[in-house]
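What follows is one structure encoded as structure tokens, with my remarks underneath.
The values are calculated or read from the model by the stated rules, or taken from the named source; none is laboratory data. All figures in this text were calculated on a predicted structure; none of them were measured in a lab. Cβ placement follows ideal geometry from the backbone for every residue including glycine, while neighbour counts extend to all protein chains displayed.
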Amino acid sequence: MLDAIWVLICAGLVFLMQAGFMCLESGSTRSKNSINVAFKNLTDIGISVVMFWAFGFALMFGTSQAGWIGTTGFLPTIGHTGVWSAAFFVFQTMFCGTAITIVSGAVAERMRFAGYLVVALLLASLIYPLFGHWVWNGIMSGAKTGWLGMHGFVDFAGATVVHSVAGWVALAAVLCIGPREGRFPPGAPPQKITGHNLPVAMLGTVLLWFGWFGFNGGSALTVNEQVPELLANTLLAGASGLVAALAVGWPLRGRPDVDLVIHGSLAGLVAITASCHVVSSSSAICIGSVGGLVMLAVDRLLNRWHIDDAVNAIPVHVGGGVWGSVAVAIFGQPERLGTGLDFAAQLGVQLAGVVVCCVWAFGLSYVLLRLINRKLPLRVTLEQERIGLNVAEHGASTELHDLFTAMDHQARTGDLNLQVPVEPFTEVGQIADRYNRVMAALREAVARTEAIVSTASDAIITFAKPTLTILTVNPSTELIFGYAGTQLVGQPFDLLLDTPERVPPERMPHDAEPAASDGVVIQLIHGGRHEVVGRRSDGSTFWLEAVVTQVALDDASFYTGIFRDISERKAQTEELKAARQLAELASQAKSNFLSTMSHELRTPMNAIIGFTEVVMERCEDLLPSRQYDNLSRVLLSAEHLLSLINHILDLSKIEAGRMEVHHSRVTLGPLL
């Protein structure tokens, strides 16, 4: 009775591992899939119990047919065969559930729930119990009758029977459904997809570690002096796997990633599961350490081969399980193994068991899943994967999904007044509140911009690149060009320009837009300020000042043009030009007149001065003094008048552009 109680307690610990797997897998995946992952974990408990009761237990532990298959005990009545049988059934049923839930983590985030149910049914009712029969049939009575067990294959608590079988099925499943979107981008290194709640994943690891004491301790099927050693070896192997994975993975990756301690410890636990009853403490540490390193190696291989395992189930359970089975022959004490085989024979049997497990579990599941996938697609659609399986598969929502939905709706509609829902006192709610604040600031900025654009006196037009079709216009565009805004949207931009001459294709710049076959348009889109001729809706033309700039966005670009009607300015400029020309002509005529008149006046003045000087010189003694003084006054006045005429002549020459320059010596003294 005590043994039955111990086995039932251990069965409870193994059942607790379901909670550990649920935390580990849901925490290691994205929040949009967390409900789906937890749902699968809970569902496979029900499937494993029902299917193992109906078929699996009989196939695994029923009367053996030549060591290959059990033939009795289907749909058993639990308890009629005794307390021990009931306890053993409960314990082994928990093992079956563990095998199934390992698969759910590997295929997380992209496998349809219906497809997962198919995998769970195959594993619980066929693949797991038959291989288990080959290894463990007869252990309840102490005499193995399965063909692998009879040949000496040792797997104490399921490193191969439970973990490797589940890992090989998981590998077949992920090969059938392919990697998650974005996991292995073409031409780029693999992209790690981080889980949304790693503390919960680490809690799951602790729960699994705790449950492993029941996994290995209960496999003794009795309470004796060996149980403490089993638990100690389990503890040591898990710890050494963690330390080894961290010690090697940290330098390789350049940082202590969380998955190193999670998967390193689990790989060590898986590895010791096969031999915890026949190895020493130091051997347990070696087995666990190598298990952690094997996990790292398998993980690198999967990344190199672009095989996507969402929670590293394959490196942990296949890598750790294969190594653990081989380690039985390397570290197991022959007298405690009790197989009667030497080292080479034991190693050969262990390797044979590993190969048989691979061929059976991987080969059969891969073929069956490929066939099933043709009729029942195992993978969700790309759109379902993007929105998350919480919504796609179960219609279940999360705060983060609601936030994304509201943001996507706002992106599609362009409604800046939309407010996303805010859940107070949550991280997502704080993000939503900050988002609403950003949108409020954006609305204010857009409102100011729209006010400027709508009240601007210039025409502001946006047009597409490279088609040059009009996207938006402001009210001034309608006033300047005479078109309604609805008439212009979608029309070619050069509709508004008077561009009669087209540029031949062979003369087009190599970087010109396809629609820019007008020379004027080519000049505009290359930037700068230009004066062009516009065309109104009535066909009349007028002068425009245009500035076109390109606006580059992340995924698109367009042009913004500002057009100002400069017809009045052009008219005023022409009037000023004409007036200036008239003024210049008048000034030229005046200068010519003054030049001519000055010349005509200077000639008689020179004669007056000359004759006066002659008279004064020859008649100085003959003339009375009064008359001589009068002649002197005439001479002075004539010279003064001649000086004025010379000045006028010089000014007229300057204005007429006929200024002459003469070199002459100058005495500086008087000037100073």
- Residues being surrounded by fewer than 23 Cβ atoms within 10 Å (Cβ to Cβ) and hydroxyl-bearing (Ser, Thr, Tyr): count how many of those fall in segment 137-188. 2
- Note on the structure: Listed by first then second residue, the pairs whose first member lies in segment 1-28 and is more than 19 Å from Val200 (Cβ to Cβ), whose partner is assigned to a helix (DSSP H, G or I) and among the β-branched types (Val, Ile, Thr), with beta carbons under 7 Å and at least 6 positions apart or on separate chains, are Met1/Val83; Ala4/Val83; Leu8/Val90; Ala11/Val90; Val14/Thr98
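Suppose we filter Ala456, Ala440, Ala447, Ala432 for residues that are at pLDDT 85 or above, hydrophobic (A, V, I, L, M, F, W, C) and within 21 Å of Phe563 (Cα to Cα); which single one remains? Reasoning before the result, please.
Numbers: Ala440 fails: within 21 Å of Phe563 (Cα to Cα); Ala447 fails: within 21 Å of Phe563 (Cα to Cα); Ala432 fails: within 21 Å of Phe563 (Cα to Cα).
So the residue among Ala456, Ala440, Ala447, Ala432 that is at pLDDT 85 or above, hydrophobic (A, V, I, L, M, F, W, C) and within 21 Å of Phe563 (Cα to Cα) is Ala456.
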- Count of segment 143-194 residues which are touching a Gly at 6+ places or on another chain (Cβ under 9 Å) and under 19 Å from Ala329 (Cβ atoms): 18
- Lone unmet requirement of (1) at pLDDT below 85; (2) surrounded by 11 or more Cβ atoms within 10 Å (Cβ to Cβ) for Gln572: (1)
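Taking only segment 222-241 into account, find how many residues are at pLDDT 95 or above and either in a loop (DSSP other than H, G, I, E, B) or within 20 Å of Asp259 (Cβ to Cβ) (or both). Write out each step before concluding.
First, the residues of segment 222-241 that are at pLDDT 95 or above: 227-241.
Those left that are additionally either in a loop (DSSP other than H, G, I, E, B) or within 20 Å of Asp259 (Cβ to Cβ) (or both): 237-241.
Result for segment 222-241: 5.
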- Query: Name the pairs whose Cβ atoms lie under 9 Å apart, with the first residue in segment 376-402 and at positive phi, the second part of a helix (DSSP H, G or I) and of a type outside the set (A, V, I, L, M, F, W, C), and 6 or more positions between them or separate chains?
  - Reply: Gly388/Ser31; Gly388/Lys32; Gly388/Asn33; Gly388/Ser34; Gly388/Asn36; Gly388/His401
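Which one is farthest from Ser567 (Cα to Cα) among residues in segment 526-537 that are outside any loop (DSSP other than H, G, I, E, B) and in contact (Cβ under 8 Å) with a residue 40 or more places away in the chain? Spell out how you get there, then give the answer.
Let us first name the residues in segment 526-537 that are outside any loop (DSSP other than H, G, I, E, B), namely 529-535.
Retained after the next criterion (residues that are in contact (Cβ under 8 Å) with a residue 40 or more places away in the chain): 534-535.
Numbers: Gly534: 10, Arg535: 12 Å.
Ranking the candidates gives Arg535 first.
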- Query: Quick one: what pairs do we get from segment 586-608, first residue within 24 Å of Leu636 (Cα to Cα) and at pLDDT below 70, second basic (Lys, Arg) and in a helix (DSSP H, G or I), C-beta under 8 Å, 6+ apart or different chains?
  - Reply: Ser595/Lys653
- helices (runs of 4 or more DSSP H) enclosed by segment 120-204 - at least 1 residues per element that are within 30 Å of Arg374 (Cβ to Cβ): 128-136, 165-177
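Taking segment 614-627, which residues are assigned to a helix (DSSP H, G or I) and either within 23 Å of Pro604 (Cβ to Cβ) or of a type in the set (A, V, I, L, M, F, W, C) (or both)?
If we filter segment 614-627 for residues that are assigned to a helix (DSSP H, G or I), which is where we start, we get 614-618, 625-627.
Val614, Val615, Met616, Glu617, Arg618, Gln627, listed by residue number.
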- Message: Just checking, does segment 288-305 include any residue being in the same structural domain as Pro190 (by TED's automatic domain parsing) and not in a helix (DSSP H, G or I)?
- Response: yes
- Message: Which numbered condition in (1) out of contact with any Asp or Glu (no Cβ under 9 Å at 6 or more places or on another chain); (2) of a type in the set (D, E, K, R); (3) in contact (Cβ under 8 Å) with a residue 60 or more places away in the chain is the only one that Arg443 fails?
- Response: (3)
- Filtered residue count, segment 274-307, keeping only those that are in contact (Cβ under 8 Å) with a residue 60 or more places away in the chain and either touching a strand residue (DSSP E or B) at 6+ places or on another chain (Cβ under 9 Å) or crowded, with 24+ Cβ neighbours inside 10 Å (or both): 3
- Could you say which residue among Val532, Val551 is loosely packed, with under 15 Cβ neighbours inside 10 Å, assigned by TED's automatic domain parsing to the domain that holds Gly482 and at negative phi? Val551
- Message: Can you find, within segment 655-672, the residue that is modelled with the lowest pLDDT among those that are outside any loop (DSSP other than H, G, I, E, B) and surrounded by 11 or more Cβ atoms within 10 Å (Cβ to Cβ)?
- Response: Ala656
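In this structure, is Ala344 outside any helix (DSSP H, G or I) and either over 24 Å from His263 (Cα atoms) or in contact (Cβ under 8 Å) with a residue 60 or more places away in the chain (or both)?
On the way: outside any helix (DSSP H, G or I): no; either over 24 Å from His263 (Cα atoms) or in contact (Cβ under 8 Å) with a residue 60 or more places away in the chain (or both): yes.
The answer is no for Ala344.
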- Message: Quick check on my filter: what residues within segment 330-366 are out of contact with any Ser or Thr (no Cβ under 9 Å at 6 or more places or on another chain) and small (Gly, Ala, Ser)?
- Response: Gly338, Gly340, Ala344, Gly348, Ala352, Gly363, Ser365
- Every listed condition ((1) surrounded by fewer than 18 Cβ atoms within 10 Å (Cβ to Cβ); (2) within 30 Å of Gly363 (Cα to Cα)) holds for Val270 save (1)
